[in-house]
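As structure tokens, the structure follows; a few thoughts come after it.
The values are calculated or read from the model by the stated rules, or taken from the named source; none is laboratory data. On a predicted model such as this, the values are computed, not experimentally measured, just so you know. A quick note on method: Cβ atoms are made from the backbone with ideal geometry, for glycine too, and the neighbour counts reach across all protein chains shown. The protein model used for the area step is the full one, side chains on, heavy atoms only, and it has no ligands, DNA or RNA in it. Shrake-Rupley method; radii C 1.70, N 1.55, O 1.52, S 1.80 Å.
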Amino acid sequence: MLKLDIFLSALANGLMTGAVYALIALGLTLVYGVLHIINFAHGAMLTAAMFAVFICHAWLGIDPYLAVFILTPLFFGLGYAIQRLVISPASHGDDSNILLVTLGLSIIIENGLLMGFRSDTRSIDVPYGFSVIEIGNLFLSTPKVIAFVAAFVVAGLLGLLLVRTDTGKAIRAVAKERTGAALSGIDVEHIYAVTFGIGAACLAIAACLLMPTFLVNPRAGNAFVLVAFTIVVLGGMGSIGGALIGGLIIGVVESLSGLYFGESLGQIGIFLIFILVLLFRPTGLFGAKA
Amino acid sequence: MSPLLRIEGLTKRFGGLLAVDDACLQVEAGSITGLIGPNGAGKTTLFTMIAGFAEPTQGEVFYKGERITELPTHVRTMRGIARTFQIVQPFAGLTVRENIAVGAHLRHRARADALAKAEEVAVQVGLEPLLDRPAHALTVAGRKRLELARALATEPQLLLLDEVLAGLNPSEIRDMIPVVRGIRDSGVTILIVEHVMQAVMSLCDTVYVLAEGRMIAAGPPADVARNQRVIEAYLGQGAAARLRDGAAHA
Amino acid sequence: MKDKTLLLIAIVTLALALLPLGFESNVVLNFLAFAMIITLAAQGWNVLGGFGGQFSFGHAAFFGTGAYGMALLQVRFGVNAWLAMPIAIALGAAVGYAIGFLSFRARLRGSYFALVTLAFAEVFRISANVWSFTGGAAGVLVPLKLDPWNMQFADKRLGYWLALALVALVLLITHRLRESRFGAQLIAIRENEDAARALGADALAVKLKAIALSGGITAAAGSLYTQKFLYLDATLAYGPWISVEALLAPIIGGIGTIFGPLLGAFLLLGLGEVTKTFFANLLGGARPGADLVVFGVLLILCVAFAPRGVLGLLARLRGRGA
């Protein structure tokens, strides 16, 4: 009986962490789907967002759930500027250059944070940090439940944005056929930057949802970056629904294998999934055949 | 004597689309054989299967009487089959000389020998003055010659040319034709794919016509040019009749 | 032309060999020895990434294998250091071949190849961190027994010269590479894989040869690291920073050139020292991470403005001057 309880709570925890993973992966997969680039700085940008949440709370006294309304537009703007002013001009449109430029960005962000905040691990202290919701024998951390629900809401909103709005339609047009979109008068560079901005905004939301229960240090993003990549390849590069399901799967795999094999082997499990998917099914479990 | 290259019942299916349907073709040693057809006829698909860049769904490819249907590209090149690309694929960062030397290395291990061979081939195709130019600085005509030179440097017995004349202006085509003839005269058998008819007609000993994936005619260029099905394939249904009527009225 | 490069290799090697005769400073000797280790790791990366165009983000997998191989062969199996080094290098080459076999057969290129190599390196890091054979999180300590027989030198200059000898050997190997059929085909594959195949290059075989050579060279750097510091743990040997440094040096120095990795390693380490000193002395207090921020900026600037690194920039300036 007890064993089942532990299993169920690990499962629930995995699902909830997985939803936030999915949110992180959402930005990555969207950027891949539209720009066909791999943003290596995604993890470092998440760290930066987590520090921004920390600053809002510790210095300005703003609750993380309120900070989301400040940081989301702020990170959208930052993302827009980074793509428009750094990545696009520096990479000359070459794939491996983009990879190197975003690697450079991740080094700068990560170590810039290290310069500013040293390598100490920080957390924020909110009154609801340890509150739980009780369902039967399950005790679920309230902030994690909020994160779980919010991740789905954000994914839904993102889907609506892509389907309903003109910008969303332009984004999908550019993703499908860049030249055609450009010929029909869409400013492709602008759409690229908007997409990158949306990716960064997703990170800001994820950071606000994560911080009540997670710790942050300048290297925190590293733990997320390969996880996010794994989710993206698992779900199929560029697929939003795939990212959502992939996130949940990875969250559960990590949580359960951590329970049965210990934490570090759980991590190996994720990397092995990543490698196996890339080697044997690079279009992902749900992706269309290339 | 058996032909140098023979394909039998070659078929390629992409999902529901039949790109090449049961195609047969022979290339006699020492000849220039043409494969023509309107756009989208399946010429390039057929060509890539002969060169080993795509595997056929059905059918066989024989070279010197041996079955080579599944041989990888580089092994075919080793056996003496070289190809050019319709969309030229230069090694953009290298010089013309270095580009050709990559091909020459196939039969010349030492760098000096490969470079000497490269120079020799450059003379043959008229690229000699451009040997030390970077490949990305060449004109379209220059790049087409470079394609030819690199393939020749592998010292092939059978040369597969994929639209080497496409994209050239009439005077460039006039310059290119003697180069292709010269290659044949040096003992290399040529299979040339084109969709421009005239140039091919003057070059080839035998012409095959592919339309909608099927081989619709084969024979000496003069016969093929009069073939009704060929005219219709190029100009549309009923064109042959209209032409005949037009001639009768005149 | 050929002789000029050989002559240059001889001059550079000789100059580097004479450097430590002038002074006895430990700081400078450590700097030089470390620069040689980074150069070797970078030379390994450059064979695959620079000449072959396959960008790996996981060269730590080879560095760490060389380092752990060197340490464990001595500590666990009592193998003499001079014998352990070639075995460690062979292990690095084997790991390279294995990773290459899996990735290249799956036709991974570009970003996908970069990511999969990174993931492989991480699997190695975490495994080394938990496996008791590799010393787990505590790492491995090679007992200090100063004796040339153990490849441990009381005179630090000997260690430096050994590393320099390996660097010079790799300079010669890359020079030979550029003059060989293998090198020509490797470069052709970098420029256009389909065209290279059409000209008779067996792309898979050439890339496998390149990644094995690359892995072996970078593993040599790892084995030198073990002998210099006599201590290892998973993050030191397999950490992502090793992979980054292995690619930064050639990209900054001159990707796909013979001397690029060497120049880049000196530039990187030199710039790192300057930045650290600058913050420590002028801005009142060391700032960890400052040197790495500079590296990151440099990487982006190189990609944007100097795609052939500093050597390419110099060549361009000379071309304009002439």
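When segment C:211-232 is limited to residues that are buried (at least 21 other Cβ atoms within 10 Å of the Cβ) and more than 14 Å from the chain's Cα centre (by Cα), the one that is nearest to the other protein chains (Cβ to nearest Cβ) turns out to be C:L232. Tell me yes or no: at least one residue of segment B:140-147 is under 19 Å from C:E191 (Cβ atoms), open to solvent by less than 30 Å² (accessible area, probe 1.4 Å) and away from chain C (no Cβ under 12 Å). Yes: one or more hits. Residues considered: C:G44, C:G58, C:G53, C:G49. Of these, the only one that is at positive phi and modelled with pLDDT of 90 or more is C:G53.
The residue of segment C:162-185 that is surrounded by the fewest Cβ atoms within 10 Å (Cβ to Cβ), among those that are under 18 Å from C:P261 (Cα atoms) and within 14 Å of chain B (Cβ to nearest Cβ), is C:R176. So for segment C:59-73 (the condition being touching a residue at least 40 places away in the same chain (Cβ under 8 Å), closer than 29 Å to C:R197 by Cα, in contact with a helix residue (DSSP H, G or I) (Cβ under 9 Å, 6 or more places away or on another chain) and not small (G, A, S)), does at least one residue qualify? There is at least one residue in segment C:59-73 that is touching a residue at least 40 places away in the same chain (Cβ under 8 Å), closer than 29 Å to C:R197 by Cα, in contact with a helix residue (DSSP H, G or I) (Cβ under 9 Å, 6 or more places away or on another chain) and not small (G, A, S).
Restricting attention to segment A:225-234, does a residue exist that is buried (at least 24 other Cβ atoms within 10 Å of the Cβ) and farther than 21 Å from C:G110 by Cβ? Scanning segment A:225-234, I find at least one residue that is buried (at least 24 other Cβ atoms within 10 Å of the Cβ) and farther than 21 Å from C:G110 by Cβ, so the answer is yes.
For A:F271, the conditions (1) among the aromatic types (F, W, Y); (2) within 12 Å of chain C (Cβ to nearest Cβ); (3) within 18 Å of A:A151 (Cα to Cα) all hold with the exception of (3).
Of the residues B:A19, B:A23, B:A29, which is of a type in the set (G, A, S), assigned to a strand (DSSP E or B) and either in contact with a Pro (Cβ under 8 Å, 6 or more places away or on another chain) or over 18 Å from B:V207 (Cα atoms) (or both)? Going through B:A19, B:A23, B:A29 in turn, just one is of a type in the set (G, A, S), assigned to a strand (DSSP E or B) and either in contact with a Pro (Cβ under 8 Å, 6 or more places away or on another chain) or over 18 Å from B:V207 (Cα atoms) (or both): B:A19.
List the helices (runs of 4 or more DSSP H) inside segment B:67-129, counting only whole elements, that have at least 1 residues being more than 9 Å from chain C (Cβ to nearest Cβ), open to solvent by 40 Å² or more (accessible area, probe 1.4 Å) and among the acidic types (D, E). It comes to B:111-125. Look at (1) touching a Cys at 6+ places or on another chain (Cβ under 7 Å); (2) more than 20 Å from C:P307 (Cα to Cα); (3) hydrophobic (A, V, I, L, M, F, W, C) and you find that C:L269 fails only one, number (1).
Of the set (1) out of contact with any Cys (no Cβ under 7 Å at 6 or more places or on another chain); (2) crowded, with 19+ Cβ neighbours inside 10 Å, all apply to A:G27 but (1).
Checked against (1) part of a helix (DSSP H, G or I); (2) of a type outside the set (S, T, Y); (3) open to solvent by 10 Å² or more (accessible area, probe 1.4 Å), C:R287 passes all but condition (1). Among the residues of segment C:92-125, the one identified as on the phi > 0 side of the Ramachandran plot and either crowded, with 18+ Cβ neighbours inside 10 Å or in a helix (DSSP H, G or I) (or both) is C:G110.
Going by the structure shown, is A:P73 away from every other protein chain (no Cβ under 14 Å), touching a helix residue (DSSP H, G or I) at 6+ places or on another chain (Cβ under 8 Å) and either aromatic (F, W, Y) or open to solvent by 60 Å² or more (accessible area, probe 1.4 Å) (or both)? Answer is yes for this residue.
Considering segment C:186-202, the residues that are among the hydrophobic types (A, V, I, L, M, F, W, C) and in contact (Cβ under 8 Å) with a residue 40 or more places away in the chain include one that is surrounded by the fewest Cβ atoms within 10 Å (Cβ to Cβ), namely C:I187. May I ask you to say which residue of B:V209, B:V179, B:V200 is in contact (Cβ under 8 Å) with a residue 60 or more places away in the chain and either touching a helix residue (DSSP H, G or I) at 6+ places or on another chain (Cβ under 6 Å) or polar (S, T, N, Q) (or both)? So the residue among B:V209, B:V179, B:V200 that is in contact (Cβ under 8 Å) with a residue 60 or more places away in the chain and either touching a helix residue (DSSP H, G or I) at 6+ places or on another chain (Cβ under 6 Å) or polar (S, T, N, Q) (or both) is B:V209.
The residue list C:A81, C:A119 contains one member that is closer than 30 Å to C:A203 by Cβ, small (G, A, S) and out of contact with any Pro (no Cβ under 9 Å at 6 or more places or on another chain), which is C:A119. Exactly one residue out of A:G251, A:G258 is more than 18 Å from C:V123 (Cβ to Cβ) and more than 10 Å from chain C (Cβ to nearest Cβ), and it is A:G251. All of (1) over 21 Å from A:H57 (Cα atoms); (2) without any contact (Cβ under 8 Å) to a residue 24 or more places away in the chain hold for A:D95 with one exception: (2). Contact annotation: residue pairs with Cβ atoms under 8 Å, 6 or more positions apart or on different chains, pairing a residue in segment A:105-119 that is at the interface with chain C (Cβ under 8 Å from one of its Cβ atoms) and at pLDDT below 90 with a partner that is in a helix (DSSP H, G or I) and open to solvent by less than 40 Å² (accessible area, probe 1.4 Å), are A:M115/C:A290; A:M115/C:V293. Only a single criterion out of (1) touching a helix residue (DSSP H, G or I) at 6+ places or on another chain (Cβ under 8 Å); (2) outside any helix (DSSP H, G or I); (3) not acidic (D, E) is not satisfied by A:L103, namely (2). Counting the residues of segment C:287-322 that are modelled with pLDDT under 85 and at the interface with another protein chain (Cβ under 10 Å from one of its Cβ atoms) gives 3.
Taking segment B:180-209 as the range and being over 23 Å from B:S2 (Cβ atoms) and not in a helix (DSSP H, G or I) as the test, the residues that pass are B:E194, B:H195, B:V196, B:V209.
Taking the stated definitions as given, is A:V145 part of a helix (DSSP H, G or I), away from chain C (no Cβ under 14 Å) and open to solvent by 30 Å² or more (accessible area, probe 1.4 Å)? Against the criterion (part of a helix (DSSP H, G or I), away from chain C (no Cβ under 14 Å) and open to solvent by 30 Å² or more (accessible area, probe 1.4 Å)), A:V145 qualifies.
To keep it simple, each residue is scored yes or no on (1) at positive phi; (2) open to solvent by 50 Å² or more (accessible area, probe 1.4 Å); (3) under 20 Å from the mean Cα position of the chain (by Cα).
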residue	(1), (2), (3)
A:D95	no, yes, no
A:I107	no, no, yes
A:E110	no, no, yes
A:L113	no, no, yes
A:D125	no, yes, no
A:S131	no, no, no
A:T167	no, yes, no
A:T179	no, yes, no
A:G185	yes, yes, no
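Table: residues versus (1) of a type in the set (S, T, N, Q); (2) touching a residue at least 40 places away in the same chain (Cβ under 8 Å); (3) in contact with a Leu (Cβ under 9 Å, 6 or more places away or on another chain).
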residue	(1), (2), (3)
B:L17	no, no, no
B:T33	yes, yes, yes
B:T44	yes, yes, no
B:E55	no, no, no
B:R97	no, no, yes
B:A101	no, yes, yes
B:L106	no, yes, yes
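Only one entry in C:P250, C:P240 is within 12 Å of another protein chain (Cβ to nearest Cβ) and either under 22 Å from C:V140 (Cβ atoms) or modelled with pLDDT under 95 (or both), namely C:P240.
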